[in-house]
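Below is one structure, written out as structure tokens, with a few remarks after it.
The values are calculated or read from the model by the stated rules, or taken from the named source; none is laboratory data. Everything quoted here is computed from the prediction, not taken from an experiment. Cβ placement follows ideal geometry from the backbone for every residue including glycine, while neighbour counts extend to all protein chains displayed. Remember, those area values only see protein heavy atoms, side chains included, never the ligands or the DNA or RNA. Shrake-Rupley method; radii C 1.70, N 1.55, O 1.52, S 1.80 Å.
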Amino acid sequence: LTEGNYTYITQKCWDYFVDLMRNVTTAELCEWKVISRPYSELQGCLEFWADNLNYSYPNALAEQYIFQSHHRYFHNCTLEHPVYFDPPEDVLLAMIIAPICLIPFLVTLVIWRSKDGKAQA
């Protein structure tokens with residue numbers, strides 16, 4: 001019964017969060033001073049009702065709602081220190097193969113130029 005109650009109440013916490021987020025413009029989605037209240041309300045609501053119903057916190061359902069909030073609203077926010085991702089496979093392949101192909105060409109060029117230098121002496 002407690003789990004069913006918590007499931008119902010967490011949905012209400014989520015609905016309230018979504019309602020608060022309606023007031024946040026797209027440009028403001030990554031500004032902590034703007035989103036901190038709705039985010040804290042969601043987290044506080046999930047934690048309060050877990051404690052009130054003697055349900056463990058953090059728990060899988062609460063984490064699911066927190067994850068859902070990040071996925072839905074904050075996935076385009078960047079950190080202060082940018083996170084670097086691998087380039088697409090075709091670009092990565094070109095970056096690997098280009099220097100490898102260049103090495104034999106440069107070796108050939110050096111040998112050819114050194115032979116050419118001896119002939120002039």
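List of remarks:
- The residues of the chain expose, per residue, 79 Å² of accessible area to a 1.4 Å probe.
- 10 Å Cβ shell holding at most 10 others, DSSP loop, chymotrypsin sites (Phe, Trp or Tyr not before Pro): longest site-free stretch of the chain: 1-83
- Positive-end extreme of charge dipole, the chain - chosen from Pro104, Thr26, Gly4 (charges on Cβ): Pro104
- Among Ser36, Ser56, the order of accessible area from largest down is Ser56, Ser36, computed with a 1.4 Å probe on protein heavy atoms.
- Carbon-plus-sulfur accessible fraction, the chain (probe radius 1.4 Å, protein heavy atoms only): 61%.
- For region 99-106, putting each phi into the Karplus relation 6.51 cos²θ - 1.76 cosθ + 1.60 with θ = phi - 60° gives couplings of x, 5, 6, 6, 4, x, 4, 5 Hz, in residue order, rounded to whole numbers and with x for Gly and Pro.
- Gaussian network model of the chain, Cα within-10 Å springs - most flexible of Pro104, Pro38, Pro87: Pro104
- Accessible area in the full protein assembly, largest first, 1.4 Å probe, for Lys115, Lys33, Lys12: Lys33, Lys115, Lys12
- Unpartnered cysteines - no second Cys beta carbon under 4.7 Å - across the chain: Cys101
- Under the Karplus curve 6.51 cos²θ - 1.76 cosθ + 1.60, θ = phi - 60°, whole-Hz ³J(HN,Hα) for region 86-94, x wherever Gly or Pro sits: 5, x, x, 4, 5, 5, 4, 4, 5
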